[in-house]
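Quick notes on the structure that follows.
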Amino acid sequence: MRIGVLGVGSLAEYLIRGAEAVEFVLSPRSAERVARLGCEVAGSNQELVDECDAVLVCLPAATGLEVVRGLRFRAGQTVCSAMAGVSLAALRGAVGPAQGVVAMMPGYANAYGMGPSLLYPADPFWAGFLGHVGPVHAFDTAEGFEVAAVMGAMSGATVFLMRHLAGWFAGRGLDPALARQLVAEVLRGNAEVLLRSQEDLDAITAGVTTPGGITEQLVAVLRDRGALGAWDEAMDAVLARMGLRPDLDVA
Ligand SMILES: NC(=O)c1ccc[n+]([C@@H]2O[C@H](COP(=O)([O-])OP(=O)(O)OC[C@H]3O[C@@H](n4cnc5c(N)ncnc54)[C@H](OP(=O)(O)O)[C@@H]3O)[C@@H](O)[C@H]2O)c1
């Protein structure tokens, strides 16, 4: 498997580190990072597109589509965009006559093969690639993909949450390394419960909440202060920015 990568920033590095079995050709900017990754480097973005049958676009979301529009693709090529908020229709309009698919993933977790990827529409080649960096979920509608893609922001926000929680423990005297480990182990343990238990979420929640106990006390304060409801508001705002439009379902 040989893939050309346009835009070698944080996401590209995570994916390249996670997919050790894949051969990559990189776009020539970001010299320091490109040198560190030790992959083949194309002479220009156009040379990369000319050389590779499969192209992964990890360019900045704000400007990347314009960069892609300025390149010439050919029939028989396949292009996967990981740019947040770039629709399938917009990507296909930019890369035709090449085929296009859109994807979303958490990023850093993919470097450890633990990041779930979303793919729209289903595509055996790109599912095979993304399978190197975590589980893959394919979608057959734009609506389903766009809602699920808010996971990209949710993932980053949970890292902020974990830093905040570790900071609370450390700020009250716990060794910072232990605070970090404790937060990670607690969340990883609870994530395993969701993946392994057959119980529904209400039953799991009831099971971990002793009436009159400390979980009930903590959650009551969070709820009173709007901390849980704020997640809905924030994720709705990201979804609106993703530009969900039913007419973009072109699969
Ligand atoms: N970071 C994540 O975990 C993550 C997760 C999911 C999706 N994404 C998506 O992935 C994309 C990249 O995000 P990122 O966090 O990796 O951003 P980033 O670190 O800023 O990387 C973007 C890279 O694109 C390069 N670039 C900009 N214009 C270019 C051009 N014309 N030709 C070639 N390279 C060019 C930049 O090079 P210079 O440094 O030289 O400007 C930079 O290395 C975004 O669209 C984002 O929505 C990111």
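FYI, it's all coordinate maths here, none of it is from the lab. Being a predicted model, the structure only gives us computed values, none of them experimental. Heads up, the Cβs are rebuilt from the backbone with ideal geometry, glycines too, and the neighbour counts pull from every protein chain shown.
Note that the chain, at 20 °C in a medium of 1.002 mPa s, gets a Stokes-Einstein diffusion coefficient of 107 µm²/s from its Kirkwood radius over C-alpha pairs.
The spacing between segment 43-105 and segment 183-235, judged by their C-alpha centroids, is 40 Å.
A simple charge model with +1 on the Cβ of Lys and Arg, -1 on the Cβ of Asp and Glu and nothing else charged puts the dipole of segment 2-139 at about 240 debye relative to its Cα centre.
Classified by the C-alpha gyration tensor, segment 1-46 has an oblate form. Its axis ratio a/c, with a ≥ b ≥ c, is 1.5 or above, and a/b does not exceed b/c.
When peptides 120-130, 192-202 are ranked by their average number of other Cβ atoms within 10 Å per residue, the highest-first order is 120-130, 192-202. State which helices in the chain qualify, where a helix is a whole DSSP H run, it must extend 27 Å or more along its own axis by its Cα atoms, and its mean Kyte-Doolittle hydropathy must be at least -1.0. Span-like helices here: 151-171, 176-196. Over all directions, the projected convex hull of the C-alpha atoms in segment 152-240 averages 7.1 nm² in area. So if I take the alpha carbon set of segment 2-139, get Rg, then get Rh from the Kirkwood formula, what is the Rg over Rh ratio? Rounded to two decimals, Rg/Rh equals 0.92. As an equivalent ellipsoid, segment 97-137 spans semi-axes of 19, 9, 8 angstrom, where each value is the square root of five times an eigenvalue of the C-alpha gyration tensor, largest first.
By the count of neighbouring beta-carbon atoms within 10 Å, fewest first, 112, 14 end up ordered 112, 14. Restricting segment 94-189 to trypsin sites (Lys or Arg not before Pro) that sit in a DSSP loop and have at most 11 other Cβ atoms within 10 Å of their own Cβ leaves 172. Here the residues 214, 204, ranked from fewest to most Cβ neighbours within 10 Å of their Cβ, fall in the order 214, 204.
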